[in-house]
1. Can you sort Phe12, Phe58, Phe47 so the residue with the fewest Cβ neighbours within 10 Å comes first?
2. Taking the number of other C-beta atoms within 10 Å as the exposure measure, put Glu118, Glu45 in order starting with the fewest.
3. Could you give the size of the charge dipole of the chain about its Cα centre, using +1 on the Cβ of each K and R and -1 on the Cβ of each D and E, expressed in debye and rounded to the nearest 20?
4. Which order results if His28, His81 are arranged by neighbouring Cβ count within 10 Å, fewest first?
5. Based only on the alpha carbon positions, what is the Kirkwood hydrodynamic radius of region 10-149, in angstrom?
6. Roughly how tilted is helix 136-148, in degrees to the nearest 10 and between 0 and 90, from the longest Cα axis of the chain?
7. Mind scanning Lys44/Lys75; Lys44/Lys122; Lys52/Lys78 and naming the pairs with a C-alpha gap bigger than 24 Å?
8. Can you work out the Karplus-derived ³J(HN,Hα) for every residue in region 115-130? Use 6.51 cos²θ - 1.76 cosθ + 1.60 with θ = phi - 60°, whole Hz, and x for glycine or proline.
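Bear in mind that the values in this text are calculations on the coordinates, not laboratory data. These figures come from a predicted structure and were not determined experimentally. Methodologically, a virtual Cβ is constructed for each residue, glycine included, from the backbone with ideal geometry; neighbour enumeration extends over all protein chains shown.
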Amino acid sequence: IYIDSPDSNKVFNIAFRTTPHNSTGVAHIMEHSVLCGSRKFPLKEPFVELVKGSLNTFLNAMTYPDKTMYPVASKNDKDFHNLMDVYLDAVFYPRVREDVEIVMQEGWHYELDSADDELTYKGVVFNEMKGVYSSPDSVLERQMMRELFPDTTYGVDS
């Protein structure tokens, strides 16, 4: 859809229905994982490279209870088309299909720094969600959603 607007930002978003049936966080982990390289852009973290080297005015990915979105925006035509190219290649040809370690890196994994240390959980989404659950307001909101919408996608954490 093209919408004419006086705003000089060019905005693109691609979204997918991702309706989880449990609170394992698979949709959120996949949101992160698909941005860890693709067929045309086999970098470990192309998202980080875009943040550093793009003229973007918005660059993100978001997981909701029923969808996952990948929006970008830029005022520069060439940059805008490059951002779209990177995101489209990422969502349709993600490297995660060939490299399962990406899921562990982005989701969670065990880590042992030395033989004397304790085994710990690590992972990008794992740490992100620890932050979410450290807020009493967030914990209350999550519990209310579970109680109000049991047995639906809105009652689980995506």
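1. Values: Phe12 16, Phe58 13, Phe47 20.
With the fewest neighbours first, Phe12, Phe58, Phe47 line up as Phe58, Phe12, Phe47.
2. On the way: Glu118 6, Glu45 12.
Fewest to most other Cβ atoms nearby, the residues stand as Glu118, Glu45.
3. Working: 15 positive and 25 negative charges, 124 e Å.
With Lys and Arg at +1 and Asp and Glu at -1, about 600 debye.
4. Working: His28 24, His81 13.
Listing His28, His81 from fewest to most nearby Cβ atoms yields His81, His28.
5. Details: mean 1/r = 0.0602 Å⁻¹.
About 16.6 Å for region 10-149.
6. Around 90 degrees separate the two axes.
7. On the way: Lys44/Lys75 27 Å; Lys44/Lys122 18 Å; Lys52/Lys78 16 Å.
The pairs that break the limit, which is 24 Å between Cα atoms, are Lys44/Lys75.
8. 4, 8, 7, 7, 5, 10, 8, 9, x, 4, 5, 4, 5, 4, 6, 4
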